[in-house]
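Here is the structure we will look at.
The values are calculated or read from the model by the stated rules, or taken from the named source; none is laboratory data. For clarity, every value in this text was computed on a predicted model and none was experimentally measured. Cβ: placed from backbone, ideal geometry, glycine included. Neighbour counts: every protein chain shown.
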Amino acid sequence: MLRGSLWWLLAVAVALAATRAAAAMKTGGQSLHRDFDAVWGKRNARFFDDGRVVELALDRETGSRLESKDRYLFGRFDLDIRLVAGESAGTITSFYICTGGARHDEVDFEFLGNVSGEPYILHTNIFSDDKGEREQQFVLWFDPTADFHTYSILWNPLNIILYIDGTPIRVFKNNEANGVPFPTRQPVHVFASIWNAEEWATQGGRVKTDWSEAPFVAAYRRFDATSACVWQGGASPTRCGGDHLPSSASSWMAQRLDWWSWMTLNWVRMNYMTYDYCADRKRYPHAFPTECIIPIGRI
């Protein structure tokens, strides 16, 4: 009985977090022109409301991608996204941070489109020192096409945490001491994009893009990187926002998941995770990667 009550409370907490996020999203936000350049498919990046909203479109010729003007070394990055409605098979709408380069680091939110009536799959991945293949996938507990929702990447020297409307869904801890590379040295750009990946995006590539439904349009707004360190060259970032001192327990630079957040994370994993590389015995018949063996909840 206690277990059932606890999960019910967690479900209520997730719903309340989403409600608070939705209320916050009703406020305006600044122009995305200030923070981003359209670097690919410029004609398919359309800005509205004095730049506060941008629609990225995918057609037969091209998709579109935004790239942040600044580079960052650690930070929390929030972005509101409304996904392609209706038929979206073969498309990927994304929000990610990436260093580029030969030994790149990257953290991905990738939304895999589907046929009408079927849910999106949220595909997440984390690369460190050019090592990726750390996929976790989820279905969502809301319709991501009906309204904007806030997707967040928190990256500090301790861990990477992914959030949806303030609810944690994934954590990747710094386990360099155990031989697992962790992004700590290379600055990243922030990206938002839409593109065609029909060879694998929907049901493993079995369902292709229906171009009669094009253009496919996703919308973005309210980018927030006020709690982040802007890289300006040299040995360290030179401008940080918010309370970033590692000595502060409340600092985003020192943030970890507390007990309630761990419980919420596990609730999401139990109810909405559809794939975890750390549980794929066909892929890893002999031994899971090192970070999978270390207990996820160890502080």
Checked ASP105, ASP130 against criteria (closer than 22 Å to GLU67 by Cα and modelled with pLDDT under 95); the one match is ASP130
Scanning for something within 18 Å of the chain's Cα centre (by Cα), part of a helix (DSSP H, G or I), within 25 Å of TRP155 (Cβ to Cβ) and at pLDDT below 95, does segment 28-37 turn up at least one residue? no
Of the numbered conditions (1) closer than 25 Å to ALA228 by Cα; (2) among the basic types (Lys, Arg); (3) touching a residue at least 60 places away in the same chain (Cβ under 8 Å), ARG60 satisfies every one except a single condition; which is it? (1)
Given (1) within 27 Å of LYS131 (Cβ to Cβ); (2) modelled with pLDDT of 95 or more; (3) of a type in the set (Gly, Ala, Ser), identify the lone condition not met by ALA218. (1)
For segment 258-267, does any single residue satisfy the condition of being under 24 Å from the mean Cα position of the chain (by Cα), part of a loop (DSSP other than H, G, I, E, B), modelled with pLDDT under 95 and more than 30 Å from HIS33 (Cα to Cα)? yes
For segment 72-83, does any single residue satisfy the condition of being modelled with pLDDT under 95, surrounded by fewer than 21 Cβ atoms within 10 Å (Cβ to Cβ) and under 24 Å from ASP143 (Cβ atoms)? no
Take segment 43-65 and flag every residue that is among the aliphatic types (A, V, I, L, M), surrounded by 21 or more Cβ atoms within 10 Å (Cβ to Cβ) and closer than 20 Å to GLY90 by Cα. ALA45, LEU56, LEU58
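So is LYS173 of a type outside the set (Phe, Trp, Tyr), within 30 Å of LEU73 (Cα to Cα) and touching a helix residue (DSSP H, G or I) at 6+ places or on another chain (Cβ under 8 Å) or not? Spell out how you get there, then give the answer.
On the way: of a type outside the set (Phe, Trp, Tyr): yes; within 30 Å of LEU73 (Cα to Cα): yes; touching a helix residue (DSSP H, G or I) at 6+ places or on another chain (Cβ under 8 Å): yes.
It is true that LYS173 is of a type outside the set (Phe, Trp, Tyr), within 30 Å of LEU73 (Cα to Cα) and touching a helix residue (DSSP H, G or I) at 6+ places or on another chain (Cβ under 8 Å).
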Among the residues of segment 159-167, are any farther than 20 Å from ARG65 by Cβ, touching a Lys or Arg at 6+ places or on another chain (Cβ under 6 Å) and surrounded by fewer than 18 Cβ atoms within 10 Å (Cβ to Cβ)? yes
Before we move on, is ASP276 at pLDDT 95 or above, among the acidic types (Asp, Glu), under 20 Å from the mean Cα position of the chain (by Cα) and more than 18 Å from ASP78 (Cα to Cα)? yes
Examine segment 206-221 for a residue that is in contact with a Gly (Cβ under 6 Å, 6 or more places away or on another chain) and over 29 Å from GLY29 (Cα atoms), and state whether such a residue exists. yes
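Do we have THR184 as assigned to a loop (DSSP other than H, G, I, E, B) and modelled with pLDDT under 95 here?
Values: assigned to a loop (DSSP other than H, G, I, E, B): yes; modelled with pLDDT under 95: yes.
When the stated conditions are applied, THR184 passes them.
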The condition from (1) hydrophobic (A, V, I, L, M, F, W, C); (2) within 19 Å of THR91 (Cα to Cα); (3) in contact with a Gly (Cβ under 9 Å, 6 or more places away or on another chain) that LEU154 misses is numbered (2)
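Listed here are the residues, each with its yes/no results for (1) loosely packed, with under 14 Cβ neighbours inside 10 Å; (2) of a type outside the set (Lys, Arg).
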| residue | (1), (2) |
| --- | --- |
| ASN178 | yes, yes |
| PRO183 | no, yes |
| PHE191 | no, yes |
| ILE194 | no, yes |
| GLU199 | yes, yes |
| ARG206 | yes, no |
| THR209 | no, yes |
Keeping to segment 111-140, report how many residues are surrounded by fewer than 16 Cβ atoms within 10 Å (Cβ to Cβ), within 21 Å of ASP80 (Cβ to Cβ) and in contact with a helix residue (DSSP H, G or I) (Cβ under 7 Å, 6 or more places away or on another chain). 1
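Rundown of residues vs (1) modelled with pLDDT under 95; (2) assigned to a strand (DSSP E or B), yes/no style:
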site	(1), (2)
SER193	no, yes
VAL230	yes, yes
ALA235	yes, no
GLY242	yes, no
PRO246	yes, no
SER250	yes, no
ASN271	no, no
LYS282	no, no
ILE296	yes, no
